[in-house]
Amino acid sequence: MPSSKSAPSRRSLLKWAGAAALTAPTALRAALTIEIIGGSGKEIPVTVLPFGNQERQKDKVSEIVLADLLRSGLFREQSAGWMPQFPSEPEQVDWRNMRNRGVENLVIGNVVERSDGRLALRFRLMDAVKQAQRAGLSYAIPPSQARITAHKIADVIYEELTGEPGVFATRICYVVKNKERYELQVADADGGDADFILANGEPIISPAWSPDGNRIAYVSFEKKKSIVFVHTLADGKRSVVANFDGSNSAPAWSPDGQKLAVTLSRDGVAQIYTINLDGSGLNRLTTSLSIDTEAAWSPDGRTILFTSDRGGSPQIYRMSAAGGAAERMTFEGSYNVTARWSPDGKSFCFIQRNAGRYNVAIQEIGSRSAQLLTDGRIDSSPTFSPNGRMILYASEFNKRGILAAVSRDGRIKQRLSEASGSVREPAWGPLLKSR
Amino acid sequence: MKNAILLLALAALAAGCATQDVQEQRKAAVEQRDLLETQRKSDEEAKRAQIAREQEELNRQLEEQKQRQAQMQDTAEVKPLAPPGGSEKPLGDLRSQLKDPGGPLFKRSIYYDYDRYDVKEDYRALVEAHAKFMLDNKEVRMRVEGNCDERGSTEYNLALGQRRADGVKRALMVLGVPANRIEAVSYGEEKPKAAGQDDDSYSENRRSDIVYPGFE
């Protein structure tokens, strides 16, 4: 077996040093825009009135809240009609008018600029039929946090009305390819506040969020080969986790955030290993003569789903997180790859080839049959929202790479696209207690 | 440090507000916004500065590489003066061998079927020619870059591209080229040569390329 210590020669270094250079940020990133293609069919009516005094702010909180709720596909806007002045407190609400208009769930609030420069932001979710409050919070925030606070408000309303956690205040990351420039970008789940954390003249793939949302592991080709890095978002510092001979790729965080599963080809063919974040403690998990890659830890950390072509075609397998014997999970079709666990650990999504198309499918653990969710030509890189309701994935539209999302029942579809460039390799960050 | 100054400034503003009339308070609010804006701008500047530093570091490395390269070229230029019988040839000679469209080294790409990585019999002559070149020129190093078409999993394709590159490397090793002079890497589906979405483009992209760093 080859075990050479061949670092790239100096001459090849010369070639990449220029190409891989980071470049200064140009303008602000163009935000992803989102288009909703389908709905759930039984949307919850919601009425979000403009918050008092918000017209003086750059970010209009009530508009962001409403857009979040509608984008989920689970809500429809119920108009309260024209009114001379929008109420921001319950006692200002004309309840009879609300009843006549069929308003059920009413959101009101206001924004006050405090003398210390902060914004006092408050909202109430009212049951308009019972004229009773269902949720209400007040915040004191710097103006720069108006947008994220709006997402948090949307999360509270979403959870109150659907019973499951909202994910509007979570973040996503993805790679934008624009000509020969690759950017790893981080954005709010609605595509807002997008900014890049890494820019390269060489490809970046397979970003993966740490369970605490503070770091992202990814594969960068900036040294003319694949190397696994871990990047801390707060200070932009990063370190090499795996840089062995051959390919170093497919980082997956253990649920405790202590180590990564990675795919290395150092021992002859792509196999799965675990490695500590400082590059120590390398431990081989699979021992096959086939490609084993794309490890995904179950939420309880006990088992790992992965892709292997040991049976002659790439399929999803499951093994103990300590390695050892593997059990085949997918049986339909000759190409099933990129498994990702649902957050409840009861099912997994993956990419399945069907009649020449590559689509997102979902399968219950313990079942042998999958449900196809998408119908693009080449869909890839599925990633669950942290509440398990949506699956974000890479697709294409008008021959450009875009991100799309589909609900786990396949009924709600969204399309996200950037103004320029090709978007790919999405990863949805975790649910955060606070940001 | 920056934050401390900002806090002090805010505290001063807040203290001042108590005795100011409404108009002055408004003015103070504007100033606060300006301060926050300044803060945001200085954060942006810090980020730019960091990127600039990284750029500088890369430029420095680039400069170092250039110097080393220049030194190596100097060395290469004195080589023809070495005693006759030495096996090493001037770099220019090797370059022209590699670039000769009629020569055996001009072809550098090995193509594959879908989801396959075996080096087909058709490429025996190509691999043998490059093995001979490597054996004849012991100072030369080679990269084999494995590639895939865009369909399917990014990561599975990366592994498949590595298998393709490793397969070429093994074939060269069987022919006597030492492992430590060949670097096999994979670009997976990241560097397609043909941009189309048809079978011809896909075939063109399922490929291993032999690259001679410094001789291209």
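The values are calculated or read from the model by the stated rules, or taken from the named source; none is laboratory data. From a predicted model like this one, the values you see are computed outputs, not experimental measurements. Every residue, glycine as well, gets a Cβ built from its backbone with ideal geometry; the counts of neighbours run over all protein chains shown. Note: areas computed on protein heavy atoms with side chains; ligands, DNA, RNA excluded. Shrake-Rupley method; radii C 1.70, N 1.55, O 1.52, S 1.80 Å.
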Taking 35 Å as R0, compute the FRET efficiency from the Cβ-Cβ separation of B:E63 and A:K179 and round it to 0.05.
0.85
Sorted by accessible surface (1.4 Å probe, heavy atoms of the protein chains only), largest first, A:E160, A:E77 come out as A:E77, A:E160
For the pair A:S320 and A:Q371, how long in nm is the line joining their label points, each one 7 Å along Cα→Cβ?
3.3 nm
With the dipole of region B:119-183 worked out from charges on the C-beta (+1 for Lys and Arg, -1 for Asp and Glu) around the Cα centre, which of B:I182, B:Y123, B:N137 lies farthest toward the positive end?
B:N137
Could you state how much accessible area B:D43 has, in square angstrom rounded to the nearest 10, with a 1.4 Å probe and all protein chains kept in place?
80 Å²
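How large a share of the accessible area of the protein assembly as shown, in percent, is made up of carbon and sulfur atoms when the probe is 1.4 Å and the other protein chains stay in place?
50 percent
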In order over region A:337-344: 3J(HN,Hα) from phi, Karplus 6.51/-1.76/1.60, θ = phi - 60°, whole Hz, x for each Gly or Pro, gives 9, 6, 6, 9, 5, 6, x, 7
If you average the C-alpha positions of region A:165-202 and of region B:128-189 separately, how far apart do those two centres end up, in angstrom?
33 Å
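In Å², rounded to the nearest 100, what is the total accessible surface buried by chains B and A against each other with a 1.4 Å probe?
That pair of chains buries around 5200 Å² in total.
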Label B:E24 and B:S42 with points 7 Å out from Cα along Cα→Cβ: what is the distance between them in nm?
2.5 nm
Could you work out the helix-only [θ] at 222 nm for the protein assembly as shown, with each DSSP H run of four or more residues adding -39,500 (n - 2.57) and the total divided by the number of residues, to the nearest 500 deg cm²/dmol?
-8500 deg cm²/dmol
Ignore the peptide's own chain and count Cβ atoms of other chains within 10 Å of each Cβ in B:160-169; give me the average, rounded.
5
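If you count, for every residue in A:290-302, the Cβ atoms of partner chains within 10 Å of its Cβ, what is the mean?
If you average over the peptide's residues, the count of other-chain Cβ atoms is 2.
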Leaving out ligands and nucleic acids, and using a 1.4 Å probe, what accessible area per residue does region A:40-162 come to in Å²?
48 Å²
Solvent-accessible area per residue for region B:91-211 (1.4 angstrom probe, square angstrom):
40 Å²
Rounded to two decimals, what is the ratio between the C-alpha radius of gyration of chain A and 2.2 N^0.38 Å?
1.07
With each pseudo-label sitting 7 Å past Cα toward Cβ, what's the A:Q57-B:D198 distance in nm, one decimal?
5.4 nm
Partner shielding of A:111-119, as the mean number of partner chain Cβ atoms within 10 Å, equals 4
Taking chymotrypsin sites (Phe, Trp or Tyr not before Pro) as exposed when in a DSSP loop with at most 16 other Cβ atoms inside 10 Å, chain A has its longest clean stretch at A:83-330
Using a 1.4 angstrom probe on the protein heavy atoms only, line up A:K42, B:K47, B:K27 by accessible area, largest first.
A:K42, B:K27, B:K47
